[in-house]
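Asker: Let me begin by handing over the structure; questions about it come next.
All of the numbers you see were taken from the coordinates with simple rules; none came from a lab. All values reported here derive from a predicted model rather than from experimental measurement. Please note: Cβ atoms are built from the backbone with ideal geometry, for glycine as well, and neighbour counts cover all protein chains shown.
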Amino acid sequence: MAYFLIGISLLLIFVLGGQQFTDFRDPKVFWPLFFESLFLLVTSFVFRFFYKIDATFLIFVLGVPVGIFFTQISLLVHISSLGSGIEALSMMNDLLMIFCLGAITSAVGYYLGGKNKVPNEKIPKITFFAFCLFFLSCALVTAHLARSANPDFVYTSLNYRDFVDVPSFLIVGLSLIVVACIASLQRGDFSSNLSSSMVFVFFIAVGLSTLAWYEVFVPFTQGDRSSVGPLLALAVLTITYAIVPYIFYLFWLLHVGKNISNQFGVANWHITEAYLFWFLICYGPAALVDLN
């Protein structure tokens, strides 16, 4: 009964509070929220039922990174079909509700003792690959359905190359090499060292994305729009790519049976700080002074 009341109460807070400024019927909001929830529910149920891994532990470590990822997917879809400036800025702030759902989920898992409920059973390698594929499938279907908000959208002509950026991919790949080297040079277990070092990749992505955003903003105010597309793609896609290996790494730890729940709690907190800094600094709402 207590679990049921927690779920219902938080859901009502989320919906009643969010509907004051967010249109949950918009495909760019509805579908990322739907598949974010679906992924967390299916993962928690399957791992709890078949491998006795506590659901509170799973939502504790998965909520924040999954929320970030689906927010970025929605942001990419939104940017690819921008309308007026006012509409675009308002919608970007609405998309933060997708991240809020993941953050609330993670916080619930934490306060229910998820960080102390260590998995006792490993997941097989086939399950590891299956859920990595399931995660990517949810992302692709989300992008596909979210773009239906565009009146010119045709379901048979979706171009997934819009979500591919070679410089962003190389930056994240090189950052992962640096992280692996740092983890190997530290004392102790490589997997445990890698958990804290993975945050380094995300901080590089956020730092570079913030710089790229301001490089876009200044020329744009002066009427030069030539660099907006490439730099904005670099900013948004770098963060999107950076969170994926973090999620895959969590699944890998469940496969090899490493207990680093405390490290992931700290890592999630740092990732949340970095992401909110980037999102609110670059896309945050106008201050009261600006509105006046």
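Asker: Tell me, S184, S44, S80 in order of fewest to most beta-carbon neighbours within 10 Å?
Answerer: Ranked by crowding around the Cβ, least crowded first: S184, S80, S44.
Asker: Here's something else I'd like to know. Net charge near D54, counting Lys/Arg +1 and Asp/Glu -1 over other residues with Cβ under 9 Å of its Cβ?
Answerer: Here the charged neighbours net out to +3.
Asker: May I pose another question? For segment 1-146, report the % of Cα-Cα distances exceeding 28 Å.
Answerer: Tail of the P(r) past 28 Å holds 23 percent of the pairs.
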